[in-house]
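Structure, as structure tokens:
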There are 2 protein chains.
Amino acid sequence: MKIEDLGEIRLIERIVKGFHGDKQIVPVGAGEDDCAVIDIEKAKAGYKYLIVTTDTLQESTHFPAGISPFQMGWSIVAVNLSDIAAMGAYPFAFTIAMGIPAQTETSFVDELVAGIEKCAFSYNAVVVGGGITRSKELILNGTCIGFADNPVRRSRARVGDLICVTGSLGNAALAVKVIKGELEVPDRVGAVAKRALFQPVPRVNEGVLIANSGVATAMIDISDGLALSIAEIAKRSNVGAELYENDIPILSEEIRRDESLNLSKRERRELACYYGGDYELLFTIDPKALQNEELMKRLKREVQMSIIGKVVPPEEGIYFKKGETKEMMEMKGYQHF
Amino acid sequence: MKIEDLGEIRLIERIVKGFHGDKQIVPVGAGEDDCAVIDIEKAKAGYKYLIVTTDTLQESTHFPAGISPFQMGWSIVAVNLSDIAAMGAYPFAFTIAMGIPAQTETSFVDELVAGIEKCAFSYNAVVVGGGITRSKELILNGTCIGFADNPVRRSRARVGDLICVTGSLGNAALAVKVIKGELEVPDRVGAVAKRALFQPVPRVNEGVLIANSGVATAMIDISDGLALSIAEIAKRSNVGAELYENDIPILSEEIRRDESLNLSKRERRELACYYGGDYELLFTIDPKALQNEELMKRLKREVQMSIIGKVVPPEEGIYFKKGETKEMMEMKGYQHF
């Protein structure tokens with residue numbers, strides 16, 4: 001059945017059934033009234049700051065060929081949670097506005113809703129509201145509300161701090177190149193890369209752990225590539241960055257283990273630095289943290305931290321360093337306009 | 001200049017300059033970081049509930065011919081504030097996600113932003129964040145966060161309660177009919193009606209006053225016409241409604257005063273009941289309120305309250321009553337699908 005045959009009221013009733021929350025904390029949830037109602041004391045449990053972010057994904061710009069409706073729903077939540085994670089905050093509530101073409105099948109909407117609920121639930125966020133409009137292409141807008149005591153800014157990196165990332169970079173970019181036919185890789189590698197692109201993992205728990213470590217000075221998520229993210233921290237903090245290319249964790253271990261994967265050093269750098277979609281966290285830490293061996297072990301184990309460079313004075317710019325040679329980093333990545 | 005020539009980063013910088021907030025309450029505002037940061041204690045000032053709503057407007061569906069970019073910006077805030085008002089809540093923070101065609105002039109965006117800021121500022125809401133994407137048509141999504149102690153639900157109307165509305169109904173509908181060429185009216189009347197349609201007034205202060213009166217049992221905003229709004233309260237509260245057509249305030253006094261305006265009774269009913277865009281509040285009050293003359297005077301003066309009917313048992317349905325005759329109300333109004 002097409003959603004235009006179902007009608008708006010029944011469509012909303014159907015969607016709302018897919019979302020669940022704790023009535024004690026969210027006495028009025030999705031689809032129940034003009035607005036959602038959240039009990040502040042029960043929800044915030046003592047946090048000092050309310051954290052708010054919004055992000056949009058639309059079919060023609062953001063969704064790669066082959067992504068499922070479930071993964072589209074997952075992704076709109078994940079990209080918002082990634083921003084919450086980048087502050088080191090705890091996600092709490094999520095609203096979803098959907099522009100949907102009238103010819104869409106109701107089963108497509110069901111899967112979309114399942115993906116939204118699954119991702120939100122996985123990270124303790126409650127879908128508290130939303131809306132649907134008839135649009136020419138699928139467009140999803142999410143807004144996420146969270147809580148934090150010590151939100152980590154982009155602007156507090158200091159000269160001498162260590163530059164770190166979580167996980168590995170370039171997996172989503174590899175999938176884009178495979179889908180476009182620009183690269184051929186073994187099927188198994190392609191499948192791992194596509195999972196990273198189609199169903200990105202927001203580093204929520206990692207962000208909280210980094211913020212709570214007490215050593216983080218700045219943080220951002222890597223949504224549009226490492227180059228643009230490091231440039232943003234550099235600009236906001238008025239610093240430069242020295243990067244050690246060999247220390248950047250390019251591609252996941254699962255992919256790197258595949259010996260038949262034949263990529264040049266230049267290609268690896270491209271994947272890790274100039275493409276988006278990874279949603280890992282880029283952060284800086286006080287170098288004194290190195291003396292706290294237990295903390296360093298914990299960060300390496302629990303957030304898969306790699307130290308990839310150090311913060312330098314702003315006049316030095318952003319560059320790769322190898323031995324005594326410096327190579328300025330190109331400033332490119334994903335931009336909408 | 002077109003926004004695609006300006007580029008995303010400079011476009012965002014330009015937009016962000018249009019939004020202002022109190023740094024004490026919103027230490028991290030629009031465009032400053034991954035998320036906005038709001039000081040809960042300073043912002044909430046003791047309220048019990050966080051109130052959240054989201055709504056979307058897009059060019060092809062929602063914006064009538066002749067509306068200015070400023071009024072589009074105003075409207076996306078107003079429709080969200082109207083939902084906040086319908087809970088009797090105080091608006092606090094607003095996020096705006098914009099899908100904009102690449103060929104849009106930067107001056108258009110400037111006016112849009114001015115309209116957003118003007119409406120938000122007028123009702124004490126701070127624009128704390130947002131985003132832009134390239135889209136085929138203009139699509140604006142807003143999310144509003146507010147606070148309340150006693151949010152008024154749609155579901156608590158009781159048999160015997162009085163049914164009331166704020167202001168007057170049908171002004172926006174009149175403008176739609178004039179624009180479509182379905183009605184001819186004097187220029188002055190057309191101008192008043194168009195103002196109602198192009199720049200709707202969210203009844204924020206009225207909503208708060210009604211909630212604080214202590215006599216309101218249910219409330220909703222009339223975004224898609226009186227018929228659908230009364231039906232929603234009836235369904236949620238499991239009640240019926242008896243309406244007195246002659247008591248419904250159809251068209252603003254300014255328009256009604258114009259003696260050259262020649263509308264049949266049927267046409268007037270259509271305008272008030274079956275079209276959206278008015279954003280007045282529909283609410284029910286405990287009939288004991290009638291004994292509190294001072295409160296009734298205050299509600300009539302400060303929220304332009306009209307009593308238009310009374311709540312009846314659900315099996316009676318929703319009908320107009322005149323003398324001893326009952327006429328069932330048609331259930332039609334604006335729906336997206």
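To the nearest 20 Debye, how big is the dipole of the range A:3-148 about its Cα centre, given +1 on the beta carbon of each Lys and Arg and -1 on that of each Asp and Glu?
Using only the charged Cβ atoms, the result is roughly 400 debye.
What list of whole percents do you get for P(r) of chain A, with Cα-Cα distances grouped in 20 Å bins up to the one holding the largest distance?
30, 55, 15, 0
Rounded to the nearest 20 debye, what is the charge dipole size of chain B about its Cα centre when +1 sits on each Lys and Arg Cβ and -1 on each Asp and Glu Cβ?
660 debye
How high is the relative contact order of the range A:3-148, in percent, counting Cα pairs under 8 Å that sit 6 or more residues apart?
36 percent
Do you know the relative contact order of the range A:190-337, to the nearest whole percent, from alpha carbon pairs under 8 angstrom that are 6+ apart?
With pairs under 8 Å counted, the relative contact order is 40 percent.
Just checking the output field for B:54-63: average partner chain Cβ neighbours within 10 Å of each residue's Cβ?
5
Which Cα, out of B:Phe63, B:Gly333, B:Val16, lies furthest along the positive dipole direction of chain B (beta carbon charges, K/R +1, D/E -1)?
Checked the options; the winner is B:Gly333.
So how far apart, in nm, are the two label points at B:Lys322 and B:Asp247 if each is 7 Å from Cα heading toward Cβ?
1.6 nm
Could you work out the relative contact order of chain B? I mean the mean sequence separation of Cα pairs under 8 Å and 6+ apart, divided by the number of residues, in percent.
Dividing the mean separation by the residue count of chain B yields 21 percent.
Of all DSSP beta bridges in the range B:3-148, what percent run antiparallel (nearest 5)?
Here the antiparallel bridges make up roughly 70 percent for the range B:3-148.
How do B:Thr104, B:Thr54 rank when sorted from fewest to most other Cβ atoms within 10 Å of their own Cβ?
B:Thr104, B:Thr54
Suppose R0 equals 56 Å. What FRET efficiency, 1/(1 + (r/R0)^6) with r the Cβ-Cβ distance, do B:Glu294 and B:Lys332 give to the nearest 0.05?
About 0.90, to the nearest 0.05.
For a footprinting-style exposure proxy, rank B:Met1, A:Met219, A:Met331 by other Cβ within 10 Å, fewest first.
B:Met1, A:Met331, A:Met219
What residues qualify as long-range amide H neighbours of A:Gly130, i.e. H under 5 Å apart, gap of 5 or more or another chain, H built at 1.01 Å from N?
Residues meeting the criterion, in which the H sits 1.01 Å from N, are A:Gly31, A:Ile96, B:Thr54.
Only four residue types carry charge here, +1 at the Cβ of Lys and Arg and -1 at the Cβ of Asp and Glu. Report the dipole size of the range A:208-321 about the Cα centre in Debye, rounded to the nearest 20.
220 debye
Of the listed pairs A:Lys42/B:Lys310; B:Lys177/B:Lys321; A:Lys332/B:Lys136; A:Lys136/B:Lys180, which have alpha-carbon separations greater than 29 Å here?
Violating the 29 Å limit, Cα to Cα: A:Lys42/B:Lys310.
How large is Rg over Rh for the range A:162-328, taking Rg from the Cα atoms and Rh as the Kirkwood inverse mean of 1/r across Cα pairs?
Rg/Rh for the range A:162-328 comes to 0.97.
How large is the Rg to Rh ratio of the protein assembly as shown when both quantities use alpha carbon positions and Rh follows Kirkwood?
1.02
Got the A:Arg301 label distances to the other copies yet, label 7 Å along Cα→Cβ, in nm, shortest first?
Label point to label point, same position, other copies: 7.1 nm.
Provide the FRET efficiency to the nearest 0.05 for the B:Ala191-A:Asn150 pair, computing r from the beta carbons and using R0 = 56 Å.
Here the calculated transfer efficiency is 0.55.
From the phi angles alone, apply the Karplus equation (6.51, -1.76, 1.60; θ = phi - 60°) to the range B:175-189 and give each ³J(HN,Hα) in whole Hz, x where the residue is Gly or Pro.
Each residue of the range B:175-189 in turn: 4, 4, 5, 5, 4, 6, x, 7, 9, 10, 9, x, 3, 5, 5 Hz.
Rounded to the nearest 5, what % of DSSP beta bridges with both residues in the range A:162-328 are antiparallel?
Among the beta bridges of the range A:162-328, antiparallel pairing accounts for roughly 85 percent.
Once you have the Kirkwood Rh of the range B:3-148 from its Cα pairs, apply Stokes-Einstein at 25 °C and 0.890 mPa s and quote D in µm²/s.
159 µm²/s
May I ask for the equivalent-ellipsoid semi-axes of the range B:167-247, computed as the square root of five times each C-alpha gyration tensor eigenvalue and listed largest first in whole Å?
28, 17, 11
Counting Lys +1, Arg +1, Asp -1, Glu -1, what net charge surrounds B:Lys310 among other residues with beta carbon under 12 Å of its beta carbon?
Residues near B:Lys310 contribute -3 overall.
Test of understanding: ordering A:Tyr244, B:Tyr279, B:Tyr123 by Cβ neighbours within 10 Å, fewest first, what list do you get?
A:Tyr244, B:Tyr123, B:Tyr279
With point charges of +1 on the Cβ of Lys and Arg and -1 on the Cβ of Asp and Glu, referenced to the Cα centre of the range A:162-328, which listed residue (A:Leu162, A:Leu281, A:Leu299) lies farthest in the positive direction of the dipole?
Toward the positive end, the furthest listed residue is A:Leu299.
Each value in this text was obtained by applying a stated rule to the coordinates, not by laboratory testing. Predicted, not measured: the structure shown is a model, and the values here were computed from it. Positions of Cβ are generated from backbone atoms using ideal geometry, with glycine treated the same way; all protein chains shown enter the neighbour counts.
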